[in-house]
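S.K.: Next up is a structure, given as structure tokens.
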Number of protein chains: 2
Amino acid sequence: LAGDERARALAGLGDWSVVDDRDAITRTIKLADFVEAFGLMARIALIAEKMDHHPEWTNVYNRVEITLSSHDAGGLTTRDIALATAIDRLVGG
Amino acid sequence: LAGDERARALAGLGDWSVVDDRDAITRTIKLADFVEAFGLMARIALIAEKMDHHPEWTNVYNRVEITLSSHDAGGLTTRDIALATAIDRLVGG
């Protein structure tokens with residue numbers, strides 16, 4: 001993604017930010033506890049597998065930090081935007 | 001954990017290494033694919049929740065990187081060893 005198309009795609013997302021040193025987006029979500037955090041991860045995992053597009057993510061107790069980038073394309077693609085949008089929907093924007 | 005007790009505990013574990021800049025242990029496990037990797041994470045999550053002791057972990061596709069440390073105790077404790085041992089059991093040593 002580049003130019004206007006990229007800008008429009010990013011503008012349509014929830015609370016994601018662009019990663020400084022690589023062409024990727026990241027979002028950190030805080031839940032109530034580990035059960036809620038892993039529950040969210042399980043829901044995202046099923047969606048990601050269905051999309052055949054997987055996140056890089058880290059979990060520490062109630063915190064889930066998700067980074068999306070298309071490794072095979074070397075940067076942000078519409079597949080990342082689609083997964084980000086699905087995640088936004090799960091967490092309510 | 002310190003001294004002999006720590007050394008003995010670490011010697012009893014599978015393929016874990018001590019993290020350089022903090023009192024923690026880490027292990028990276030490679031699975032066949034994302035389904036296998038997240039399946040392992042789900043099994044670990046249930047055990048961790050039962051133990052009330054949670055990992056810091058990162059997943060990228062088929063790779064799961066797990067770090068264990070007891071935040072409240074400021075370092076490695078018997079609870080980390082217990083969780084590490086349970087994870088070793090799941091992955092066969």
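The values are calculated or read from the model by the stated rules, or taken from the named source; none is laboratory data. On a predicted model such as this, the values are computed, not experimentally measured, just so you know. Note that we place each Cβ from the backbone using ideal geometry, even for glycine, and neighbour counts take in every protein chain shown. Please note that ligands, DNA and RNA were not included when accessible areas were found on the heavy atoms of the full protein model with its side chains. Shrake-Rupley method; radii C 1.70, N 1.55, O 1.52, S 1.80 Å.
S.K.: Heavy atoms only, probe 1.4 Å: what % of the accessible area of chain B goes to carbon and sulfur, would you let me know? Could you put the intermediate results ahead of the total?
M.R.: Values: 2330 of 4790 Å².
Summing carbon and sulfur atoms, their accessible area is 49 percent of the total for chain B.
S.K.: Kindly identify region B:1-45 as rounded, prolate or oblate by the Cα gyration tensor criterion: order the square roots of the eigenvalues as a ≥ b ≥ c, call it rounded if a/c is under 1.5, otherwise compare a/b with b/c, prolate if a/b is larger, else oblate.
M.R.: Prolate.
S.K.: Residue farthest toward the positive end of the dipole of chain B, with Cβ of Lys/Arg at +1 and Asp/Glu at -1: which of B:G39, B:I66, B:G3?
M.R.: With unit charges placed on the Cβ atoms, the residue in question is B:G39.
S.K.: What is the angle, in °, between the Cα long axis of helix B:78-91 and the longest principal axis of the Cα atoms in chain B? Nearest 10 is fine, range 0 to 90.
M.R.: 30
S.K.: Hey, any idea what Rg/Rh is for chain B, computing Rh the Kirkwood way over Cα pairs? Present the calculation step by step, with values, prior to reporting the outcome.
M.R.: Values: Rg = 12.8 Å, Rh = 13.4 Å.
Ratio of gyration radius to Kirkwood radius for chain B: 0.95.
S.K.: Oh, and also: Run the dipole for region B:1-84 about the Cα centre, Lys and Arg Cβ at +1, Asp and Glu Cβ at -1, nothing else charged, and hand back the magnitude in debye, nearest 20.
M.R.: Values: 9 positive and 14 negative charges, 45 e Å.
Dipole size: approximately 220 debye.
S.K.: Kindly give the distances from B:D88 to its copy-mates, label point to label point, with each label point 7 Å from Cα along Cα→Cβ, as nm values to one decimal ordered shortest first.
M.R.: Here B:D88 shows inter-copy label distances of 4.6 nm.
S.K.: While we're looking at this one, here's another question. Just add up the charged neighbours of B:S17: K/R +1, D/E -1, any other residue whose Cβ is under 12 Å from the Cβ of B:S17.
M.R.: -2
S.K.: State whether the protein assembly as shown is rounded, prolate or oblate according to the following rule on the C-alpha gyration tensor (a ≥ b ≥ c being the square roots of its eigenvalues): a/c under 1.5 gives rounded; otherwise a/b larger than b/c gives prolate, and the remaining case gives oblate.
M.R.: Note, shape of the protein assembly as shown comes out prolate.
S.K.: Label position 7 Å from Cα toward Cβ: report the copy-to-copy distances for A:A11 in nm, one decimal, ordered from shortest.
M.R.: 6.5
S.K.: For label points placed 7 Å from Cα toward Cβ, what is the shortest-first list of nm distances from A:R63 to its copies?
M.R.: Copy-to-copy label distances for A:R63: 2.2 nm.
S.K.: B:I66: net charge of surrounding residues, Cβ under 13 Å, Lys/Arg +1, Asp/Glu -1, itself excluded?
M.R.: -1
S.K.: Continuing with this model, one more query. Tell me the total accessible area that A and B bury against each other, 1.4 angstrom probe, in square angstrom rounded to 100.
M.R.: Separately minus together, A and B give about 1400 Å² buried.
S.K.: As a test of the formula, what do you get for the protein assembly as shown when each DSSP H run with n ≥ 4 contributes -39,500 (n - 2.57) and the sum is divided by the residue count, at 222 nm and rounded to the nearest 500 deg cm²/dmol? Working shown, then result.
M.R.: Numbers: 6 runs with 82 residues, N = 186.
When only DSSP H runs of four or more count, the value is -14000 deg cm²/dmol.
S.K.: Within 10 Å of each Cβ in peptide A:37-46, how many partner chain Cβ atoms are there on average? Round it to a whole number, please.
M.R.: Average per residue, whole number: 3.
S.K.: Assuming R0 = 41 Å, what is the FRET efficiency of A:A2 and B:E5, from their Cβ-Cβ distance, to the nearest 0.05?
M.R.: Step by step, r from the Cβ atoms, then E = 0.10.
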